[in-house]
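Structure, as structure tokens:
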Amino acid sequence: VVYEQEGVFIHSSCGKNDDQDSLIAGILRVIEKENEVVVDWRPLDETLDTSNILCAGKDSSSVVEWTQTPKEKCSRGADRPSSYEAEWDMVTTVSFKKKPHSNGDATTHANGESKWSFLFSLTDLKSIKQNKEGMGWSYLVFCLKDDVKLPALHFHHGDSKPLIKCLEKHVALNESPHDERVLLVKTQKSLSQSFENLFDETSYGLFQKLKKDPYITTMGKFSKVTNYIVGSLRSSDPSNQRRPPSEMADFFNDTIPGLKINQQEEPGFEVITRIDLGKQPEVTRREPVSTEEWAKNMDSEGRILDVDYIKRLIFKGGLCHTLRKEAWKFLLGYFPWNSSKEERANLQKRKTDEYFRMKLQWKSVSEEQEKRNSRLRDYRSLIEKDVNRTDRTNKFYEGEDNPGLILLHDILMTYCMYDFDLGYVQGMSDLLSPVLYVMENEVDAFWCFVSYMDQMHQNFEEQMQGMKTQLIQLSHLLRLLDSGFWSYLESQDSGYLYFCFRWLLIRFKREFSFQDILRLWEVMWTELPCQNFHLLLCCAILESEKQQIMDKHYGFNEILKHINELSMKIDVEYILCKAEAISMQMMNCKELPQTVGEILGIESSSATPDSDTGEDESAAELGCPASLYPSIPAPVSAANGTRDGAQPTAEAQSLAPA
């Protein structure tokens, strides 16, 4: 409890009469929990029974009453488990039911008692209106998002200023330009706020959890949802086991503007479903690129001789671990591909100076300064919390006072100085961890992370444009690839592909083992064989699970549970082969829809390669269309950079399917 004030009254009969029963004395508290800060008011004579607490929902135009489920009772607040696993649990046994709220009359329960108690999270707060009564005391009104107004609180015994000062430690409050009595909450670009409207209906227990902390929910273990989601999404009446498709469509269209969920056949939809993509070709992969292969493709000054060729080798086999420290800097854009060894050394020197200047900015902030900088304070708090739970089973980060954790923390804090508007958003530590592990150098890891965040930036922005676009694009691709499977998912309220959210948000970081992620990411960074290859990886995983999902008639709950239990069980090489085969299917399709072509960056003319050119024959060795795989170059002499002949190299021949 960081603030407590007695003598805070609600005037339950304001404007009606002046009898003494119109005053309800209560205690106002601000409570700091592990994941949130809540404001709690309750009458003095009320017990701590949470079944009586009125809680304002983020999306509600009413006050929502907490009611515990009969079979599973769960206390909230101080008794809530604080362990790591409990925090990441998907399921809460508290359900919601809407209860109309009137500003004029007290809410009366079956026992006849007046129950005015309420609590809300500061993430729900929109504004505070302050005023003075004629008798001399002050009062204020909390206005929540969606313009839900709570009853006015009258401070008969003391002033409301200490409360405002307490709240300002946790949220930024600015005076309204239109009314000096109103303090507006300045929203910050954090993932929790960015996705607060992602699923916005309180009767959905699962989606309420998402609203509260979407990062924790989407990153967490979905394996515990089995019984709960069925109860919260579907009624017990067998005749009403699925919500109307139109209602689900409206629900998701409202919560993610622009995310169009097809529930009825659109003009031209049947044409797309009839496109024959043909059989998926067999695809094989090669061994990782060796240090010898890498060295052969460099001239005497350290320049890469054939960038396209080396990218194709990496795409087909990845990199041996000893090469990653150097090659990732090129793949991520930290090192220009055409730079010499000397130019790269000069670049590193400049970037080192620039990094430590930014690091000094936050290192030199005093405690007094930080007290008056709520955003920096919030960034630091989030970073410290996330760093302590990022890849702690990896030897590079395990144990207490691990130097790897200190570097992780310092890089993320410095990134806040580099991009203060975005700052730190939960999920970034997952993207940095493998990069730091490979680089083993603070400065190099930072600049590689900056380049990676340039690619991933939209995933974490307040308007969630990146996630919205990717979900729409993935839906288009899956519909073309297997319209029957997509229709089945849609029939089970899963056509919006929500279960892919975590995959897209942090690029499969929690779906594969740590070593497999290193392989997967370096393959994706080649940007081959097409744009948005990561969406084809999603398609490959879904298609590999199609038979089980459809044969066993999985519904919404079972699909969600099954997909998320795939974590750490997916064969990375198999999925890479399958995704590449899907890309070849689409590139070879003569009737590829324009939308899909734009998503993958494939022009319609490239779908039918000209078999008369020599380039096609060389590309065939890669098992890919010539348009995206130019001819394999002849061997290059590392000494003088000239080609020795016109025949494909032994390295190129090794790329051919077995």
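What are the ³J(HN,Hα) couplings of region 368-376, residue after residue, when phi is run through the Karplus curve with 6.51, -1.76, 1.60 and θ = phi - 60°? Round to Hz, x for glycine and proline.
Each residue of region 368-376 in turn: 5, 5, 5, 4, 9, 10, 5, 5, 5 Hz.
Applying 1/(1 + (r/R0)^6) with R0 = 22 Å to the Cβ-Cβ distance of ALA25 and ASP159, what FRET efficiency is obtained, to the nearest 0.05?
That gives a FRET efficiency of 0.80.
To the nearest 20 debye, what is the magnitude of the charge dipole of region 320-455 about its Cα centre, counting +1 on the Cβ of each Lys and Arg and -1 on the Cβ of each Asp and Glu?
180
Once phi is turned into ³J(HN,Hα) by the Karplus curve 6.51 cos²θ - 1.76 cosθ + 1.60 with θ = phi - 60°, what whole-Hz value does each residue of region 327-337 show in order, with x for glycine and proline?
5, 4, 5, 6, 4, 8, x, 5, 9, x, 4
List the residues whose amide H sits under 5 Å from the amide H of GLY7, counting only those 5 or more places along or on another chain, with H placed 1.01 Å from N in the peptide plane.
Here GLY26 satisfy the definition.
List, in the order given, every pair from LYS129/LYS359; LYS509/LYS578; LYS126/LYS363; LYS316/LYS359; LYS149/LYS169; LYS385/LYS578 whose Cα-Cα distance in the structure shown is over 28 Å.
Going by Cα-Cα distance, LYS129/LYS359; LYS126/LYS363; LYS316/LYS359; LYS385/LYS578 fall outside the 28 Å limit.
With unit charges on the beta carbons (Lys and Arg positive, Asp and Glu negative) and the dipole taken about the Cα centre of region 308-372, which residue among GLN369, TRP337, LEU323 sits farthest to the positive side?
LEU323
Sort 500-506, 32-38 by the packing proxy (mean of other Cβ within 10 Å over each peptide's residues), most packed first.
By packing density, highest mean first, the sequence is 500-506, 32-38.
Determine the order of LEU376, LEU382 by accessible area, beginning with the largest, at a probe radius of 1.4 Å.
The ranking, largest first, comes out as LEU382, LEU376.
In whole percent, how big is the carbon plus sulfur part of the accessible area of region 320-455, probe 1.4 Å, protein atoms only?
Roughly 47 percent of what the probe reaches on region 320-455 is carbon or sulfur.
Which peptide among 423-435, 170-182, 384-396 comes first, and what is the full order, when sorted by highest mean count of other Cβ atoms within 10 Å?
Highest-to-lowest ranking by the protection proxy: 423-435, 384-396, 170-182.
May I ask you to give the solvent-accessible area per residue for region 320-455, in square angstrom, as obtained with a 1.4 angstrom probe?
On the way: 6120 Å² over 136 residues.
Roughly 45 Å² per residue, with all protein chains present.
With a point put 7 Å past each Cα toward its Cβ, work out how far GLN280 is from VAL1 in nm, to one decimal.
Placing both labels 7 Å beyond Cα along the Cβ direction yields 6.0 nm.
The values are calculated or read from the model by the stated rules, or taken from the named source; none is laboratory data. Just so it is clear, the structure is predicted and the values come from calculations on it, not from any experiment. In this analysis, Cβ positions are derived from the backbone assuming ideal geometry, glycine residues included, and neighbour counts consider all displayed protein chains. Heads up: the accessible areas ignore ligands, DNA and RNA and are worked out on the full protein's heavy atoms, side chains in. Shrake-Rupley method; radii C 1.70, N 1.55, O 1.52, S 1.80 Å.
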